[in-house]
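The values are calculated or read from the model by the stated rules, or taken from the named source; none is laboratory data. Here the structure is a predicted model, which is why all the values come from computation and not from measurement. Cβ atoms come from the backbone with ideal geometry, glycine included; neighbour counts cover every protein chain shown. The accessibility values were calculated without ligands, DNA or RNA, using every heavy atom of the protein model including side chains. Shrake-Rupley method; radii C 1.70, N 1.55, O 1.52, S 1.80 Å.
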Amino acid sequence: MPLINLPNFAGDLLDEFSVRGTERVDTPIIQPAEPFLDMAGEDLRRRIFMTESDTGASLCLRPEFTIPVCLQHIETATGTPKRYSYLGEIFRQRREGGHEFYQAGIEDLGDGDTAGADARAIGDAIGILSRLVPGKALSVTLGDQAVFEAVVQALGLPSGWQKRLIHAFGNMMQLETLLARLASPQPVTGLNAHVLDFLNRGDEQGLIKHIDATMHATGYSTNASRSPQEIARRLREKLVLSETRLDDAAFRVLEEFLSLSVPLADASAALAGFADAAGLKLGSALKSFDARVAALAKAGVDASKIDYRAAFGRPLDYYTDLVFEVTVEGSSAVLAGGGRFDRLMTLLGAKNHIPAVGFALWLDRIETARAA
């Protein structure tokens, strides 16, 4: 028997899933931990309840549904496009509320019309919540990681810095820390003088030989997880990153982009104006953004009721483009959240690229909103 009672609106929710042509799926509560540890992001990783099998394999209580649904789709070799819905318990540590609670949602796999699928996901989340919390004005916030990635790439930063900034997308505190380091680089400390000499002279082969000799002399080479070549590459990258400085003009461009916050109906023009003024070519990212706005209009979703924030992201590492959240106006409690995760299926083992988008509904928060 579940510890948390299923909310009384669960029947309405399942009706909504049925009307939208989804297939209801369930996944095991005990899940392999590795996919979540590798792909879900730091925020979720530290909230997972871990355990072990009798063979020592790392397991966890199901902390969310997207990864389990995708794994099940791959394991059953089901074709696409496919729309799945789910309703069940998840388990994660929370600062407020219970650690075991219900979540529901839709995962839309394999639709090649990414703009249309994005619009459908946002429209479905709004439509379902409009039924579950009638009479409440909803607020939708939308971000786009692909546009942020395009801006970072256009600024010409080293790939290591690009990865750091993209990884921090959606976490404004972490982004500001990284930007401060870019504005005022700090020298690398603690490096062996011989290592630093090899790096400064650009003598990669000499550095590899030095590392290899040191590893053999200390006995570290017998159980090392990294080769001398990989260690040398990481040290070189660390030095390059420490010496990289974002010039004042580029710094202002990045700050200006992150400050953009406009109604979605005005976002395409605002982004185009920003790119022109900054002299950045954002090409395909802006084209995809504009296609999504057009698809939302075609689906009857009022873009003037959606806010676009350039710095907005969600704390899950597998998102690639669209991210969005829905709240009741005047409340910070997220009732629905989702986005696009086009790389996840391949990372989980799918043989072919499968575009994917979805969203989750927080049933305990919806119940609180209904009571209010």
key: Tally of residues being more than 20 Å from Ala121 (Cα to Cα) and either of a type in the set (Asp, Glu) or open to solvent by 10 Å² or more (accessible area, probe 1.4 Å) (or both) across segment 85-96   = 7
Output for segment 1-13, where each listed residue is in a helix (DSSP H, G or I) and not aliphatic (A, V, I, L, M) = Gly11, Asp12
message = What are the pairs with Cβ atoms under 7 angstrom where one residue, in segment 323-338, is at negative phi and at pLDDT below 95 and the other, located anywhere, is open to solvent by 10 Å² or more (accessible area, probe 1.4 Å) and assigned to a strand (DSSP E or B)? Sequence gap at least six, or different chains.
response = Glu329/Leu138; Glu329/Ser139; Ala333/Thr327
query = Quick one: which of Lys298, Lys351 is out of contact with any strand residue (DSSP E or B) (no Cβ under 6 Å at 6 or more places or on another chain) and modelled with pLDDT of 95 or more?
reply = Lys298
query = Does Thr55 meet the test of being touching a strand residue (DSSP E or B) at 6+ places or on another chain (Cβ under 7 Å) and of a type in the set (S, T, N, Q)?
reply = no
task = Name the single residue, out of those in segment 36-71 being modelled with pLDDT of 95 or more and β-branched (Val, Ile, Thr), that is farthest from Leu87 (Cα to Cα).
result = Ile67
Some residue of segment 171-187 being farther than 26 Å from Ala269 by Cα, part of a loop (DSSP other than H, G, I, E, B) and either in contact with a Phe, Trp or Tyr (Cβ under 7 Å, 6 or more places away or on another chain) or polar (S, T, N, Q) (or both) = yes
